[in-house]
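A short worksheet on the structure shown next.
Just so you know, all these numbers are worked out from the coordinates, no wet-lab data involved. No experiment lies behind these values; they were computed from the predicted model shown. No Cβ is skipped: glycine too gets one built from the backbone with ideal geometry, and neighbour counts run over all protein chains shown.
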Amino acid sequence: MGKSEALPARSKSQQRNGLPKAPTGIAGLDEITLGGLPRGRPTLVCGGAGCGKTLLAIEFLLRGARDYGEPGVFMAFEETQQDLAQNVRSLGFDLDKMIAENRISVDYVHVERAEIEETGEYDLEGLFVRLGLAIDTVGAKRVVLDTLESLFSGFSNEALLRSELRRLFRWLKDKGVTAIITGERGDGQLTRQGLEEYVSDCVILLDHRVREQVSTRRLRIVKYRGSTHGTNEYPFLIDQHGIHVLPLTSLGLDHAASSERISTGIPRLDAMLGGEGYYRGSSILVSGTAGTGKSSVAAMFADATCRRGERCLYLAFEESPQQIVRNMRSIGVDLGTWTKKGLLRLEASRPTLHGMETHLAYVHKLVKDFDPQVVIVDPISNLSAAGTGAEAEAMLLRLIDFLKSRQITAMLVNLTTGGVSTEKTEVGVSSLIDTWILLRDIELGGERNRSLYVLKSRGMKHSNQIREFMITSEGIKLEDVYIGPEGVLTGSMRVAQENRERAAALARAQEAERKQRDLLRRRAALEAQIAALRADFEAAEEESRRLAAQDQAREQRIDDGRGAAAVRRGAEATAVTKGKRK
Amino acid sequence: MSTRKNGSHEERWELRLYTAGQTPKSLAAIKNLRRVCDEHLAGRYEIEIVDLLKNPRLAKDHQIIAIPTLVRKLPVPIRKIIGDLSDTDRTLVGLQLKQLS
């Protein structure tokens with residue numbers, strides 16, 4: 001059986017699942033198959049023309065040879081070695097070199113009905129011989145047969161072909177190779193020739209649907225015996241790196257909730273959101289009608305993110321990156337420097353370019369590659385143009401879920417059209433949103449002004465106030481609106497009202513001042529009066545003191561005069577006086 | 001086609017029969033081939049029998065899938081006839097020794 005020692009990390013999970021698996025190395029596919037394809041068994045990959053069967057098969061083979069040390073054999077019934085080499089060169093594989101290194105063997109089997117005459121009994125031993133030789137030459141662990149069904153056009157004896165195919169599948173199992181057999185999709189059954197009846201272990205169905213001129217590729221695991229697997233239809237992309245399956249796991253509600261807060265880039269809005277901004281890993285919806293400044297709010301957030309040194313992925317569905325950079329420069333946000341520093345990635349694409357799933361797969365791939373902390377989608381409403389409402393909703397749900405599971409803060413910008421209630425998003429994602437910021441116009445007094453309020457913000461105290469929202473050359477400014485008897489006033493009416501109020505306040509202040517001055521003056525007058533009275537009183541007091549002093553002095557003088565007279569009158573009088581005085 | 005029939009008498013025939021081991025089908029094919037050649041191409045044919053179990057690499061050369069396969073290497077163009085050649089009529093048609101009636 002296959003070498004599992006080459007993959008020590010995986011062997012554990014294989015044991016747990018019971019079934020040994022061979023990793024494909026294809027992004028996302030190993031996740032939904034929980035480890036890869038059944039090791040040592042054939043897997044059927046079926047689908048219509050151009051759905052990517054051959055690519056999936058060869059990617060499995062080449063990645064096996066390059067990344068997992070498992071050489072492989074590609075038996076091609078449709079493409080020559082040159083064609084294949086050319087096709088995989090763009091994926092970064094040098095097929096010719098791998099063949100030269102004996103890691104890959106390609107056998108082009110060409111069956112031309114026109115030059116074959118059937119005369120009696122035969123079997124397909126030649127195919128076995130060739131396959132056996134190729135497997136032994138490179139020591140193959142993986143085999144691809146693409147497309148085995150071509151045999152049916154080359155030979156007329158169908159009963160024989162079927163029994164030979166049965167033998168082939170048994171033989172492949174006995175060889176212990178992990179095989180992929182591709183088959184064209186048929187009516188009412190998975191493959192045109194009913195190949196699925198031979199392959200009982202794993203069947204993968206690829207689908208390429210076009211609805212309203214938009215194509216979407218999907219992959220579904222129809223069955224996988226002995227293993228659990230994702231059962232949904234998974235969108236996948238084919239790009240320059242090959243197949244990229246979007247492993248949308250179940251819509252679990254078990255993502256971690258961070259209590260870390262990140263700035264909105266608008267100080268006043270931070271203040272409105274409990275003073276700290278958004279929660280990390282939450283989903284934020286910015287909705288509003290045309291021209292209300294949604295993209296500006298998004299740009300401020302992108303700017304704040306990059307300022308923290310974090311990466312931001314900005315998905316633009318309306319404007320080109322250059323246009324966004326130019327426009328945002330006018331409000332003082334220079335996104336260009338962030339893109340140069342590699343912190344900001346602006347990815348623009350027309351929403352109608354792909355189907356919803358393809359967009360999602362694309363976002364998924366970008367997120368995986370760039371690993372941002374913040375993803376901005378501007379706007380999501382355009383995405384609904386790529387699919388039906390229900391589809392768009394389901395896809396956004398998956399997107400939000402995916403971003404949340406990675407703790408990525410998602411800002412979704414939604415354009416609401418007039419007539420529709422602003423509190424209803426075109427794509428009904430409101431219930432998934434943690435913080436919803438609503439931007440509105442207020443038309444008043446021949447003016448159209450912007451206003452902003454926080455409709456909801458889970459898990460934080462947030463302001464219930466409408467703020468006037470102004471886009472200035474230094475970014476976004478939020479101002480209190482005037483709420484008066486005539487309702488909410490904004491813009492110049494607010495300014496006028498403010499001026500009126502200021503004038504009234506000034507008048508009131510002046511009146512108060514005047515009264516104050518008056519009072520002061522009166523106090524001064526009163527005090528002057530008091531001073532005058534006191535002066536009068538003091539003068540009177542002084543006068544009376546002076547009179548008293550005069551009286552005393554006079555009496556003294558009288559006494560003194562008496563004494564002198566007595567001296568003159570006789571000595572005895574002195575004794576009398578003396579005695580009298582005692 | 002009629003010109004080919006006239007000219008075919010002078011041509012040398014090179015035939016190669018691919019087999020895989022001594023299976024009943026292979027043995028029948030060898031026997032049937034010799035009989036047809038002796039009847040129609042007496043003296044101007046050459047048969048090479050390739051056992052793919054011994055020489056598996058040769059299978060790629062002529063895009064051999066079915067066993068047994070008879071390849072008419074000469075005269076050109078190359079023709080392939082698969083099966084044990086038990087249907088003589090079809091064998092002759094396949095070798096273009098006879099027009100399909």
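Observations, loosely collected:
- Taking each residue as 0.36 nm, the span from A:ASP480 to A:THR228 lengthens on full extension beyond its C-alpha to C-alpha distance by 85.0 nm.
- DSSP-defined beta bridges in the range A:261-480 - what % are antiparallel, rounded to 5: 45 percent
- Ordering B:ASP84, A:ASP334, A:ASP201 from the fewest to the most neighbouring beta carbons within 10 Å gives A:ASP334, A:ASP201, B:ASP84.
- Size of the range A:92-223: Rg and Dmax of its alpha carbons, in Å, are 16.9, 52.
- Applying both filters, DSSP loop and at most 16 other Cβ atoms within 10 Å, to the GluC sites (Glu not before Pro) of the range A:40-142 gives A:GLU78, A:GLU101, A:GLU112.
- Zone residues, the range B:39-77, relative to A:ARG167, backbone N less than 12 Å from point 7 Å out along Cα-to-Cβ: B:66-68
- Total charge dipole magnitude, the range B:2-94, about the Cα centre, Cβ charges on Lys, Arg, Asp, Glu only, Debye to nearest 20: 220 debye
- Convex hull volume of the Cα atoms of chain A, normalised per residue: 303 Å³.
- Cα centre as origin, Lys/Arg/Asp/Glu Cβ charges: the protein assembly as shown dipole, Debye: 2880 debye
- Exposure proxy order (Cβ contacts within 10 Å, fewest to most) of A:ARG39, A:ARG440, A:ARG326: A:ARG326, A:ARG440, A:ARG39
- The range A:298-305 - phi-based ³J(HN,Hα) in whole Hz, Karplus 6.51/-1.76/1.60, Gly and Pro as x: 5, 5, 4, 5, 4, 4, 5, 4
- Couplings for the range A:31-37, taken from phi via the Karplus curve 6.51 cos²θ - 1.76 cosθ + 1.60 with θ = phi - 60°, read 6, 7, 8, 6, x, x, 8 Hz in order; Gly and Pro are left as x.
- Over the protein assembly as shown: helical MRE at 222 nm, DSSP H runs n ≥ 4 each giving -39500 (n - 2.57), nearest 500: -13000 deg cm²/dmol
- Between the amide H of A:ILE180 and those of A:THR43, A:VAL143, A:VAL144, A:LEU145, distances stay under 5 Å, these residues lying 5 or more places away or on another chain, with hydrogens modeled in the peptide plane.
- Gain on full stretching of the segment that runs from A:GLN82 to A:ALA290 - 0.36 nm per residue minus C-alpha separation: 69.6 nm
- With neighbours defined as other Cβ atoms within 10 Å of a residue's Cβ, the residues A:PHE169, A:PHE152, A:PHE74 order from fewest to most as A:PHE152, A:PHE169, A:PHE74.
- Once the Kirkwood radius over Cα pairs is known for the range A:274-374, the Stokes-Einstein relation at 37 °C and 0.692 mPa s delivers a diffusion coefficient of 227 µm²/s.
- Extreme residue, positive dipole direction of chain A, given options A:MET470, A:GLY183, A:ALA49 (C-beta unit charges): A:MET470
- Calculated FRET value between A:GLU310 and A:SER90, using beta carbons and R₀ = 30 Å, to 0.05: 0.35
- Debye intensity ratio I(q)/I(0), log10, the range A:261-480, q values 0.08, 0.09, 0.13, 0.15 Å⁻¹ (C-alpha model): -0.25, -0.31, -0.69, -0.94
- Equivalent ellipsoid of the range B:2-94: semi-axes from √(5λ) of the C-alpha gyration tensor, largest first, are 23, 15, 11 Å.
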